[in-house]
2 protein chains.
Amino acid sequence: MERVRVALLGCGSVGSQVAAALAAGSESVHELSARAGATIELVGVAVRDASTPREGVDDELLTTDAEGLVTRADVVVELIGGLEPARSLLLKAFEHGASVVTGNKALLAAHGRELHAAADAAGVDLYFEAAVAGAIPIIRPLRESLAGDRVERVLGIVNGTTNFVLDEMDSRGASFDDAVSRAQELGYAEADPTADVDGWDAAAKAAILATLAFHTPVTLDDVHREGIRGVSAEDVAAAREAGAVVKLLAVAERTTGQDDDGAAFEGVQARVHPVLLSRDHPLASVRGAYNAVFVEAAGAGDLMFYGQGAGGRPTASAVLGDLVTLARHRQDGSQGPRVLGHADLPVLPTDAVRTRYQVRLVVADRPGVLAAVAQAFAAHGVSIETVRQRPSVAGALAGDGGVASLVVVTHTAADAALAGCVADLSELDAVASVASVLRVEGDS
Amino acid sequence: MERVRVALLGCGSVGSQVAAALAAGSESVHELSARAGATIELVGVAVRDASTPREGVDDELLTTDAEGLVTRADVVVELIGGLEPARSLLLKAFEHGASVVTGNKALLAAHGRELHAAADAAGVDLYFEAAVAGAIPIIRPLRESLAGDRVERVLGIVNGTTNFVLDEMDSRGASFDDAVSRAQELGYAEADPTADVDGWDAAAKAAILATLAFHTPVTLDDVHREGIRGVSAEDVAAAREAGAVVKLLAVAERTTGQDDDGAAFEGVQARVHPVLLSRDHPLASVRGAYNAVFVEAAGAGDLMFYGQGAGGRPTASAVLGDLVTLARHRQDGSQGPRVLGHADLPVLPTDAVRTRYQVRLVVADRPGVLAAVAQAFAAHGVSIETVRQRPSVAGALAGDGGVASLVVVTHTAADAALAGCVADLSELDAVASVASVLRVEGDS
């Protein structure tokens, strides 16, 4: 069997699990080698401080010279995260003919096109199963299993922190702040939860999913992004009453744009935002910090992939799966399928997001109100799908009796049209307030 | 781009979809070729009667000479089903250096070892994503994504017909016979539903899943098989009351055997039988004719793959995904990972199945009964996990008042011990009848 030299960059929660699995003489590295048909050998672990011993890692493997290390490897496993020096190290690895396994979603979402092109030019592989939804096999299914199909849409719960927070709000009636505190206590959220709750992490994954699903490079800048800070306990409770749940979804979909002459063209779009989802939808039952990716394909129909989206061991499983594949590729001189788009569809601008909406209004409980509200929607060309009206509990408790809640769900509408509509609604005498505006996904 | 000649064997519901996707000059074959990096060309379609025209298939491609056709192809797509002539045609294809895509679960479950060995010897590929759970990518994830992990157990709802039948019984209170009739009306069940309801189809898939998950050849004969004919409307209703659902599961798991000297050894086991599953389990929410496969891995934790398990278009999606991969392999002279076991663990005999059980008893409602029942379990070394006792509704309606229902859930027990226990229970004076015995899966 050929010898495949592996360089590990980073030895944190995932890296230390990978290092342990590759420990010289271990049963696991023997098993992985048998599966790869090549002798896998860990030749170095790049860390910031090589003087601190790491449990389960031979001290002699530790080095601070990441640049030197990548030049003496056949496969580089990059788990340091961030844009630099990760990007430069990967480019250097490709230059030296090494393949790369990475879990670095931020890097791929920012520089995916450059990195995939560099790997292709060097005739080596860039694999990244760990970058989206941790242990859940989703990259390989999109890249290979569905290669004979046409993916129409991908909906993903790809951020465990926000899913945990929303689930706490749903199942325990917690406020947003309390749910975030609890997520922090349990280690699901960082002290500064911005990257998660504002949707940055999910947006990077949306870019990667869109790139793969549509054979078209999509970057973080292309992704429309809204976080969950605006989701109130009241929104979640109202959703619950209506048989729905609020989830933060990463959405990648084919859509139709219009050029300056009004002609339609096919494009793709990626976005991250909270949505109302019917409890009948398979994604609605994804609880706690779990992840799931729902794929709608022309041939296969609806598919869902479910599992743990984070954590050292699960993520290491994805990294090691890629490593076995790349070691096998080194052995037989082959490469995985190209990621970079032969399709290269236009990526539609983020101001052109079209979804269905639920608008919750507090209105005067008197005849004619519905007509006025309906007129405001019609004036902006926003078509109404359903209206539910019921006496407001809050109003009844306050004893004013004359207030009702009106919940309007629209057909697909553009952001701008909906915004104009909401502005007009708040001007209406009969409307006390626009209590919330939420996007809606799933079958109507 | 290299030219890859494709021979299609069979032109039924799946084959006709594949033929349409590969029609010369079509947009789809152009797209598939772009993804494969090779020019995919359909060179013939073997059918029983070449004189009947097939919609969307060039008449000149039709042939009854399957044997001749496989010798002039680079990739053979086998969709005729059954053991012969499929087996001989595949062996001939390998002899001539062709790779094979098949959806033939019966053939793989019976002759998988021979066929994989023949493919390996010829240095070509045998791919079979369509053989288990139709469009759901499960073969590639097990074979490649989880190559760096240790799969402990696979639980699959892999037969849509029986899942539809059990779901009808659960959601509409239908009897087994009525549910089967409805499945037949809707085209989910054959006129002779034996292969589905007696678990043959699921057992073939269990053998394939076990082979992949444990790198160990497992055949249909190795699979313990029980169908769903014995599941009554009363069982399903009682499960519902207890917050559970009855599902037919294909189970492949690592387990421990004992040799003649009493020493423990690691082995694998595959089985198909109805189980009681808590409604909290992700598989419990798989409705209608959908399929799902739940994987428990040491590193990745719990994963689930969900989607359509049958149908012409979904299954064709799986076939075409494999075809694109194999065309790419032809182009670069590579092969996928081997299926045949480097592990080759012992396959434990089917009489050594150990599961938890739910035993539902109709008993006299008087003191001392529980002690007598508990003693019967203890006498056979079967440990009790929970007991629920409640007045029987049927008894109350009949006015006899003195009858109660006792539901006993055991810890893991061997088939033989449980059978002995049930025999003793039915001899007890206090036991009117053993109403049902069902295996239990999922966390206790």
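A compact table of results
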quantity	calculated
Separation between Cα centres of the stretch A:124-191 and the stretch B:289-303, rounded to whole Å	16
Radius of gyration and maximum dimension Dmax of the stretch B:353-441, Cα, Å	12.6, 41
In degrees, nearest ten, helix A:200-214 long axis to first principal axis of chain A (Cα)	80
Minimum 20 Å² accessible area buried by the other protein chains, the stretch A:291-309 residues, probe 1.4 Å, relative to alone	A:Ala298, A:Gly299, A:Ala300, A:Asp302, A:Leu303, A:Met304, A:Phe305, A:Tyr306, A:Gln308
Shape parameters for chain B, alpha-carbon atoms, Rg then Dmax in Å	24.6, 82
Protection-proxy order for peptides B:268-280, A:256-268, each taking the mean of Cβ atoms within 10 Å per residue, highest first	B:268-280, A:256-268
Whole-number D in µm²/s for the stretch A:230-371 (Stokes-Einstein; Kirkwood sum over Cα pairs; 4 °C, 1.567 mPa s)	66
Rg/Rh for the stretch A:140-307, where both radii come from Cα atoms and Rh is the Kirkwood radius	1.00
Copies compared at A:Glu84 - label distances in nm, ascending, label defined 7 Å from Cα in the Cβ direction	7.0
Size of charge dipole - the protein assembly as shown - debye, nearest 20, with Cβ of Lys, Arg +1 and Asp, Glu -1, no other charges	400
Protection proxy ranking of A:346-355, A:28-37 - average other beta-carbon atoms within 10 Å, highest first	A:28-37, A:346-355
In degrees, nearest ten, helix A:312-332 long axis to first principal axis of chain A (Cα)	50
Closest approach to the B/A rotation axis among chain B Cβ atoms, residue and whole-Å value	B:Ser334, 2
Accessible area buried at the B-A interface, both sides summed, 1.4 Å probe (Å², nearest 100)	3600
Protein accessible area in the protein assembly as shown, 1.4 Å probe - carbon and sulfur %	48
Vicinal HN-Hα couplings computed from phi for the stretch B:240-246 (Karplus, 6.51 cos²θ - 1.76 cosθ + 1.60; Hz; Gly/Pro x)	4, 4, 8, x, 10, 9, 9
Most fluctuating residue given options A:Val223, A:Val431, A:Val165, as computed from a GNM of chain A linking Cα atoms under 10 Å	A:Val431
Max mean-square fluctuation residue, GNM over chain B, Cα-Cα springs under 10 Å, options B:Val100, B:Val77, B:Val47	B:Val47
Stokes-Einstein D for the stretch A:3-51, Kirkwood Rh over Cα pairs, 10 °C, 1.306 mPa s (µm²/s)	142
Degrees, to the nearest 10: A:105-122 long Cα axis against longest axis of chain A	40
Scattering curve values for the stretch B:1-136, log₁₀ I(q)/I(0), Debye with Cα scatterers, q = 0.09, 0.11, 0.13 Å⁻¹	-0.24, -0.36, -0.51
Hydrodynamic radius (Kirkwood) for the protein assembly as shown, which is based on Cα pairs only, to one decimal in Å	29.5
Estimated FRET transfer efficiency (A:His30, A:Ala379; beta-carbon r; R0 51 Å; 0.05)	0.10
Sum of -39500 (n - 2.57) over DSSP H runs of 4+, divided by residues of chain B (222 nm, nearest 500)	-10500 deg cm²/dmol
Position A:Gln389, label points 7 Å along Cα→Cβ, spacing to each other copy in nm (shortest first, one decimal)	5.7
Nitroxide proxy distance, nm - points 7 Å out along Cα→Cβ at A:Arg287 and A:Glu60	5.0
Average partner coverage of B:275-284, which counts Cβ from other chains inside 10 Å	1
Within the protein assembly as shown, percent of DSSP bridges classed antiparallel, to nearest 5	70
Non-local Lys pairs in the protein assembly as shown, i.e. 8 or more apart or on different chains, that have alpha carbons under 17 Å apart	4
B:Cys11 accessible area, assembled protein chains, probe 1.4 Å, Å²	20
Label 7 Å beyond Cα on the Cβ vector: A:Glu190 copy-to-copy distances, nm	5.7
Per-residue average of Cβ from other chains inside 10 Å of B:28-38	3
Test item: A:311-317 mean partner chain Cβ contacts at 10 Å	5
Solvent exposure of chain B as accessible area per residue, Å², 1.4 Å probe	38
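The values are calculated or read from the model by the stated rules, or taken from the named source; none is laboratory data. Note that this is a predicted model, so its numbers are computed, not measured. Please note: Cβ atoms are built from the backbone with ideal geometry, for glycine as well, and neighbour counts cover all protein chains shown. SASA here: full protein model, heavy atoms, side chains in, ligands and nucleic acids out. Shrake-Rupley method; radii C 1.70, N 1.55, O 1.52, S 1.80 Å.
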